[in-house]
Amino acid sequence: MKFYLFNLLFKTSGLRIGGETDKNVLYFLKYENTYIIPYSSWKGSFKRITEYVAKSMNVGSSSFHKNDSHPGYTDSDIAKIMNNVRNKSQNGKIKGKNIVSQEYPYLTSIFSPENEYSIKDVENKITEYIASIKCPIDGLYGSNFFASKLTFSDSYFEETTDFITHVTINRKTMKSHEEEKGGHLFDEEILRPSKITLKIILRIPNEEELKVWKNTLRFINTEGLQIGAGKSRGLGLLQLDKESTVVEIENFNKISRNMDDFLK
């Protein structure tokens, strides 16, 4: 049983996480006097990269992953379970407590024991359940059937911000809306922190999940990470700092590494 504790450090030239909007002013998200990158923003940005990485690796059911489901997926495990379901069914119906599998001991838990289900409904639910189990994206970030193995922290800042004035552009004419009817200027609150700290816990990944996660970090290490608003204005591109570290814990033994060693 392995746990990984990541302390990731990022640098950026500027970013904005969407907060309140007051007329023509776009503010950075904050709580009282503290600016925040919430864990949900981090998780969403990492997940987009992981989806791309896992599909390019064609690991498990990841190539079928779309909008957190797996349309069109099938395999021999599903066929085997469904043959057993059909043999136990009566008049095309089966009670939840009779839907069992030795290979998937928790399968029964996704059905109400005394409820009756149609064969089609059972097949749809079992297909998605097994696809989720075999999908490293779901394994890392969670699904409708189980929690994620990754936990992201919030990131907090008490630094000063800048306000930058922009003008909206008509994409068809490529002219500023100030030159056309209804145009307007808007101000955007930008944070330029000297360092961004993100802490991540990864709990007991299987071999495929760990490979996908490492390749996610390799991608970020090479290409950077996009987060928040203003991408078209050059905002939100984060670069991973070499001082980032990871601690690996197994059976109460702790090994500390720098990121380069972990990604080898």
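Which one of the conditions (1) outside any helix (DSSP H, G or I); (2) surrounded by 15 or more Cβ atoms within 10 Å (Cβ to Cβ); (3) not small (Gly, Ala, Ser) does residue 71 fail to meet, given that it meets all the rest?
Among (1) outside any helix (DSSP H, G or I); (2) surrounded by 15 or more Cβ atoms within 10 Å (Cβ to Cβ); (3) not small (Gly, Ala, Ser), the lone unmet condition for residue 71 is (2).
Return the residues of the range 1-39 that are part of a helix (DSSP H, G or I) and either open to solvent by less than 70 Å² (accessible area, probe 1.4 Å) or farther than 26 Å from residue 147 by Cα (or both); say none if nothing qualifies.
Kept after step one, since they are part of a helix (DSSP H, G or I), are these residues of the range 1-39: 39.
Listed by number, the list is empty, since nothing qualifies.
Please give the number of the condition residue 252 fails out of (1) open to solvent by less than 90 Å² (accessible area, probe 1.4 Å); (2) modelled with pLDDT under 90; (3) not basic (Lys, Arg).
Result: residue 252 passes all but (1).
Conditions (1) assigned by the TED database to the domain that holds residue 46; (2) closer than 30 Å to residue 56 by Cα; (3) at pLDDT 95 or above, marked per residue:
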| residue | (1), (2), (3) |
| --- | --- |
| 91 | no, no, no |
| 95 | no, no, yes |
| 98 | no, no, yes |
| 108 | no, no, no |
| 111 | no, no, yes |
| 123 | no, yes, yes |
| 126 | no, yes, yes |
| 130 | no, yes, yes |
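So that you can scan it fast, the table gives a plain yes or no per residue for (1) within 30 Å of residue 132 (Cα to Cα); (2) assigned to a strand (DSSP E or B); (3) open to solvent by 70 Å² or more (accessible area, probe 1.4 Å); (4) at pLDDT below 85:
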{"residue": "147", "(1), (2), (3), (4)": "yes, no, yes, no"}
{"residue": "165", "(1), (2), (3), (4)": "no, yes, yes, yes"}
{"residue": "188", "(1), (2), (3), (4)": "no, yes, no, no"}
{"residue": "198", "(1), (2), (3), (4)": "yes, yes, no, no"}
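Determine whether the range 95-110 contains at least one residue that is part of a helix (DSSP H, G or I), surrounded by fewer than 15 Cβ atoms within 10 Å (Cβ to Cβ) and free of Cβ contacts under 8 Å to residues at least 12 places away in the same chain.
Scanning the range 95-110, I find at least one residue that is part of a helix (DSSP H, G or I), surrounded by fewer than 15 Cβ atoms within 10 Å (Cβ to Cβ) and free of Cβ contacts under 8 Å to residues at least 12 places away in the same chain, so the answer is yes.
The values are calculated or read from the model by the stated rules, or taken from the named source; none is laboratory data. These numbers were taken from a predicted model, which means no experiment stands behind them. Heads up, the Cβs are rebuilt from the backbone with ideal geometry, glycines too, and the neighbour counts pull from every protein chain shown. Calculation scope for accessible area: heavy atoms of the full protein, side chains included, ligands and nucleic acids excluded. Shrake-Rupley method; radii C 1.70, N 1.55, O 1.52, S 1.80 Å.
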